[in-house]
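Notes for the one structure printed next.
The values are calculated or read from the model by the stated rules, or taken from the named source; none is laboratory data. Just so it is clear, the structure is predicted and the values come from calculations on it, not from any experiment. All Cβ positions, glycine included, derive from the backbone under ideal geometry; neighbour counts span all protein chains shown.
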Amino acid sequence: MAERPDLTDTELDGLFQAARDTAPMPSADLIARVIADAEAELEPGVEPAAPRPGILAAVLATIGGWPAAAGLATAAVAGLMIGIATPDTLQDLSGGYFAAAGYQLEDLLPSYGDLLGEG
């Protein structure tokens, strides 16, 4: 490559900008030949495979779709609320099981009263 010491930095920047602005495009003949070669490599009658669904779509399809996911979310929230705000009847019925081990059910599970502030 021949060096041209007579170019200034501004002129050189202008040449580089002109080279960036004019991106080389392949000719229509080259594109046609590439497409013809690609079509020749395809097996006749074989369609390209459809994209596979994602993991979330597969899980939703396994459990029954969005209605089943809504039911599971509702059950999870209900279970969380029952766990946090334990009914007194449950504490009375199951309190004897843990008393033998030296624990009360209140020691193991929080109740609704624990969530209330004092005062």
Task: Restricting segment 37-64 to residues that are aliphatic (A, V, I, L, M) and surrounded by 10 or more Cβ atoms within 10 Å (Cβ to Cβ), the residue that is farthest from the chain's Cα centre (by Cα) - done: 42
- [ ] Check 75, 69, 23, 49 and return the single one that is part of a helix (DSSP H, G or I), of a type outside the set (Phe, Trp, Tyr) and either out of contact with any Leu (no Cβ under 9 Å at 6 or more places or on another chain) or in the same structural domain as residue 116 (by TED's automatic domain parsing) (or both).
- [x] 75
Task: Residues satisfying the stated conditions in segment 1-18, i.e. of a type in the set (A, V, I, L, M) and modelled with pLDDT of 85 or more - done: 12, 15, 18
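Can you confirm whether segment 27-34 contains a residue that is surrounded by 10 or more Cβ atoms within 10 Å (Cβ to Cβ) and at pLDDT below 90? Give the derivation first.
Step one: filter segment 27-34 for residues surrounded by 10 or more Cβ atoms within 10 Å (Cβ to Cβ), giving 30-34.
If we keep only those that are at pLDDT below 90 as well, we get none.
For segment 27-34, residues surrounded by 10 or more Cβ atoms within 10 Å (Cβ to Cβ) and at pLDDT below 90: absent.
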